[in-house]
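Everything on this sheet refers to the single structure shown next.
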Amino acid sequence: MLSLTGDSFDIKLANGTPIFRVTGKVMSISGRKSVYDMSGNHLFDIVKEHMHLHTTFAAVDPKDRKIMEVKSSFALIGSKATATFTSPSTGKSESLEMKGNWLSTSAEIVDTSNGQVVARIDRNALKARDFFGGKQTYALTVAPGVDMALMAAMCICLDEKKNDNNG
């Protein structure tokens, strides 16, 4: 994946209030996207890892330490990706499964420890400015108490995977 444009955008609440800023690196082989809070604090980068059989993305902190890995896997119907990370609150390894369709860009994110849906991703395909501007808009619904930045990272991985399949 080679990002030529940089792909910078804001992630906003339903009321339009921006909560995260994502900046893409121009001419990046890894398609690196940097995620910031609205105070300008660098939270993490999302990069595509090469040398894997299945498409794999990593979230790395500002010190370049991997904090999450999102790995796609084959599914007979639709697509599946698993995110693994260490919970900052418990120190335990956690796993989330994103099931959906890379082409329709809708998915559910499920906590594998209890089967609970923690987030839903839906593409709003009806926005004319997205069609003409070449940008996608997603609705990300996050359950209370779930890390919004982590869910946004998974949504970005879904979009990057979709872009890989189209390009």
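Would you mind ranking SER72, SER113, SER8 by Cβ crowding within 10 Å, fewest neighbours first? Intermediate results must be reported in sequence, preceding the final value.
Working: SER72 21, SER113 10, SER8 13.
So the residues, fewest neighbours to most, are SER113, SER8, SER72.
At a 10 angstrom cut-off on C-beta neighbours, averaged per residue, how do the peptides 36-42, 137-143, 95-101 rank from highest to lowest? Could the numbers behind the result be given before it?
Working: 36-42: 10.7, 137-143: 15.4, 95-101: 17.9.
Put in order of decreasing packing, that is 95-101, 137-143, 36-42.
Can you work out ³J(HN,Hα) from phi for every residue in segment 145-150, in order, using Karplus 6.51 cos²θ - 1.76 cosθ + 1.60 and θ = phi - 60°, giving whole Hz and x for Gly and Pro?
Once rounded to whole Hz, the list reads x, 9, 5, 5, 5, 5.
Enumerate the amide H contacts of ILE19 below 5 Å, restricted to partners 5 or more residues apart or on another chain; note that Pro and chain-start residues carry no placed amide H.
Correct list: ILE11, LYS12, LEU13.
Give me ASP122, ASP7 ranked fewest to most by other Cβ atoms within 10 Å of their Cβ, as a rough exposure proxy.
Values: ASP122 16, ASP7 19.
Ranking ASP122, ASP7 by Cβ neighbours within 10 Å, fewest first, gives ASP122, ASP7.
Going by amide H atoms built from the backbone, whose H comes under 5 Å of the H on SER79, apart from near neighbours?
Here GLY100, ASN101, TRP102 satisfy the definition.
What residues have an amide H closer than 5 Å to that of THR55, excluding those fewer than 5 places away on the same chain, when H is modeled at 1.01 Å from N in the peptide plane?
Amide H to amide H, under 5 Å and 5 or more residues apart or across chains, THR55 pairs with SER72.
The numbers here are math on the coordinates, done by the rules we state, and not lab data. As the structure is a computational prediction, the values presented were derived from the model and not from experiment. In this analysis, Cβ positions are derived from the backbone assuming ideal geometry, glycine residues included, and neighbour counts consider all displayed protein chains.
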